[in-house]
Amino acid sequence: MAKYVDGFVLVVPKDKAEEYKKMAESGRDTWIKYGALEYYECRGDDLVPQEMGGEKARAFPEMTGATSEDIVWFSFIVFKSKEHRDEVNAKVMKDMNNQMEGHKNILMPFDMKRMAYGGFQVEVEG
């Protein structure tokens with residue numbers, strides 16, 4: 001069975017980047033604890049679109065509506081399969097819901113409305 005990936009693209013204000021990174025490190029620890037194979041949080045670095053085959057690709061900042069005060073993050077979690085993802089995520093969500101009881105008044109360091117998420121079936125792997 002082919003691997004499965006949950007992918008995220010989100011916009012984090014520059015002044016919230018370290019706060020987001022700490023939250024991401026905690027998320028990593030939780031997903032790995034419950035069985036995710038790999039976990040990545042990637043801060044945008046070289047987001048200038050390149051020409052490919054005579055066409056210019058769309059830039060992540062343009063696609064997300066990020067401004068010069070924002071950082072685009074690309075994040076993904078690797079699982080054995082979609083079924084494995086569902087099992088791991090159920091455990092993670094239960095754990096996070098339990099943790100949230102003590103953190104009800106804490107604001108997210110990014111706007112959830114500016115985040116994209118989806119599950120992806122791995123088709124080609126290197």
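The values are calculated or read from the model by the stated rules, or taken from the named source; none is laboratory data. Because the structure is predicted, anything quoted here is derived from the model rather than measured. Reconstructed Cβ throughout: ideal geometry from the backbone, glycine too, with neighbour counts over all protein chains shown.
Just one of the numbered conditions (1) out of contact with any Asp or Glu (no Cβ under 7 Å at 6 or more places or on another chain); (2) in contact (Cβ under 8 Å) with a residue 24 or more places away in the chain is not true of Arg85: (1).
Exactly one residue among Glu87, Glu83, Glu41 is surrounded by 11 or more Cβ atoms within 10 Å (Cβ to Cβ), in contact with a Lys or Arg (Cβ under 9 Å, 6 or more places away or on another chain) and under 17 Å from Val5 (Cα atoms), and that residue is Glu41.
The residue list Leu10, Leu47 contains one member that is part of a loop (DSSP other than H, G, I, E, B) and aliphatic (A, V, I, L, M), which is Leu47. Of everything in the range 50-71 that is β-branched (Val, Ile, Thr) and outside any strand (DSSP E or B), the residue that is nearest to Lys82 (Cα to Cα) is Thr64.
With respect to the stated conditions, Asp15 is of a type in the set (Asp, Glu) and either part of a helix (DSSP H, G or I) or surrounded by fewer than 16 Cβ atoms within 10 Å (Cβ to Cβ) (or both). Residue under question is Ile71, and the condition is that it be modelled with pLDDT of 95 or more and either under 14 Å from Leu10 (Cα atoms) or in contact with a Gly (Cβ under 8 Å, 6 or more places away or on another chain) (or both); does it hold? Spelling it out, Ile71 is indeed modelled with pLDDT of 95 or more and either under 14 Å from Leu10 (Cα atoms) or in contact with a Gly (Cβ under 8 Å, 6 or more places away or on another chain) (or both).
State all residues of the range 95-123 that are out of contact with any Lys or Arg (no Cβ under 7 Å at 6 or more places or on another chain), surrounded by 10 or more Cβ atoms within 10 Å (Cβ to Cβ), closer than 21 Å to Ile71 by Cα and at pLDDT 85 or above; if no residue qualifies, say none. Selection gives Arg114, Met115, Ala116, Tyr117.
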